[in-house]
1. Run a plain Debye calculation on region 1-48 (Cα atoms as equal point scatterers, no solvent) and give log10 I(q)/I(0) at q = 0.18, 0.23, 0.30 Å⁻¹, rounded to two decimals, same order as the q list.
2. Summing +1 for each Lys or Arg and -1 for each Asp or Glu, what net charge is found among the other residues whose Cβ lies under 14 Å from the Cβ of D2?
3. Run a plain Debye calculation on the chain (Cα atoms as equal point scatterers, no solvent) and give log10 I(q)/I(0) at q = 0.11, 0.12, 0.20 Å⁻¹, rounded to two decimals, same order as the q list.
4. Using alpha carbon coordinates only, what is the Rg to Rh ratio of region 1-84, with Rh defined as the Kirkwood radius?
5. Suppose R0 equals 22 Å. What FRET efficiency, 1/(1 + (r/R0)^6) with r the Cβ-Cβ distance, do L139 and M103 give to the nearest 0.05?
6. May I ask you to compute the full-extension gain from F63 to C158, defined as 0.36 nm times their residue separation minus their alpha-carbon distance, rounded to one decimal in nm?
7. Rank-order 140-146, 13-19 by packing density, defined as the average count of other C-beta atoms within 10 Å over each peptide's residues, highest first.
8. Based on Cα coordinates alone, diagonalise the gyration tensor for region 36-114, multiply each eigenvalue by 5, take square roots, and list the semi-axes in whole Å, largest first.
Amino acid sequence: MDITAIYPGSFDPATLGHLDIIERASKLFARVVVAISESSNTKRFAFPEEKRLEMLEKIVKPFPNVSVTTFGGLLTSFARSRGSAVLVRGLRAISDFEYEFQMASMNRYLAQEIETVFMMTSPKYHYLSSSIVKEIARLQGDISGLVPPELFEDVRACFPGP
Ligand code: PNS
């Protein structure tokens with residue numbers, strides 16, 4: 001089937017865990033649109049929207065069927081505007097489940113034709129999150145096993161240290 005999947009998220013910043021999902025989703029679906037949530041009043045991002053877009057564009061280059069864009073408003077409206085009926089989310093641990101379950105259920109309430117497909121994060125990335133990357137970078141720790149090499153400089157520049 002010729003399916004366009006949307007992989008939505010904050011990507012503040014993108015991690016190796018996100019890249020793992022992107023790579024695996026690119027093999028399952030005809031097209032994958034990585035959809036970066038725009039800045040809002042409810043979430044405070046370390047990286048501005050343009051920077052998150054620029055960083056993702058760098059790391060999806062090896063995947064010809066993956067594109068990146070930002071979106072505002074409801075995810076289901078964005079998915080409909082792209083003619084997509086599949087949302088992809090990565091699941092790390094049981095702790096992710098409640099939040100993901102609520103989000104998938106709400107999206108289903110809003111748009112019954114749209115399915116959320118969960119992919120288990122590869123075991124080596126179970127501990128990884130954008131928040132933990134920011135914490136390590138802020139404390140000047142080694143981020144080399146956490147984000148794609150193309151993003152080292154961008155992430156370090158955001159947390160220049162003392
Ligand atoms: O990476 P994140 O922060 O877990 O991604 C969350 C995201 C951006 C997918 C979610 O907040 C979202 O879909 N925001 C758009 C607004 C929306 O549609 N809300 C209703 C669904 S709960």
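We did not get these values from a lab; they are worked out from the coordinates using the rules stated. Computed from a prediction, not measured in an experiment: that's the story for all the values here. All Cβ positions, glycine included, derive from the backbone under ideal geometry; neighbour counts span all protein chains shown.
1. -0.60, -0.83, -1.11
2. Values: positive: R31, R82; negative: none.
It works out to a net charge of +2.
3. -0.43, -0.51, -1.45
4. On the way: Rg = 12.4 Å, Rh = 13.0 Å.
My calculation puts Rg/Rh at 0.95.
5. Details: r = 30 Å, r/R0 = 1.36.
With R0 = 22 Å, the Cβ-Cβ based efficiency is 0.15.
6. On the way: separation 95, 0.36 × 95 = 34.20 nm, distance 2.66 nm.
Extra length available between F63 and C158 comes to 31.5 nm.
7. Details: 140-146: 13.4, 13-19: 24.1.
Per-residue Cβ counts within 10 Å, averaged per peptide and sorted highest first, yield 13-19, 140-146.
8. Values: eigenvalues 96, 57, 45 Å².
After scaling each eigenvalue by five and taking roots: 22, 17, 15 Å.
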